[in-house]
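Contents: one structure, followed by commentary.
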Amino acid sequence: MKKTYKIEVDCANCANKMEDAAKKTPGVADAVVNFMLLKMTVTFEDGADIASVMEDVRKRCKKVESDCEIFL
């Protein structure tokens, strides 16, 4: 399953850090951050609990870029 989320991030480098953090999250098959559109598209692994995976993605992104936001 693939879902797109609105994000808030200040620079392209920060967006790349968020993308890398999301890709390393268990339950995420792939993640793409589009800095220009301020969107994150996440492809989930089969059977993943989307809500809990996205909370984990949010926490991991906050660790690498504290002033970012993902609107779930």
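Got a number for residues in the stretch 6-18 being within 18 Å of Leu72 (Cβ to Cβ) and surrounded by fewer than 19 Cβ atoms within 10 Å (Cβ to Cβ)?
So the answer is 2.
Which ranges mark the strands (runs of 3 or more DSSP E) fully within the chain that have 1 or more residues being among the charged types (D, E, K, R), modelled with pLDDT of 95 or more and touching a Phe, Trp or Tyr at 6+ places or on another chain (Cβ under 6 Å)?
Details: elements: 2-8, 28-34, 39-44, 69-71.
Result: 2-8.
How many residues does the stretch 19-38 contain that are without any contact (Cβ under 8 Å) to a residue 40 or more places away in the chain and surrounded by 14 or more Cβ atoms within 10 Å (Cβ to Cβ)?
11
Which ones in the stretch 39-72 are β-branched (Val, Ile, Thr) and in contact (Cβ under 8 Å) with a residue 60 or more places away in the chain?
Ile70
The values are calculated or read from the model by the stated rules, or taken from the named source; none is laboratory data. Because the structure is predicted, anything quoted here is derived from the model rather than measured. Note that we place each Cβ from the backbone using ideal geometry, even for glycine, and neighbour counts take in every protein chain shown.
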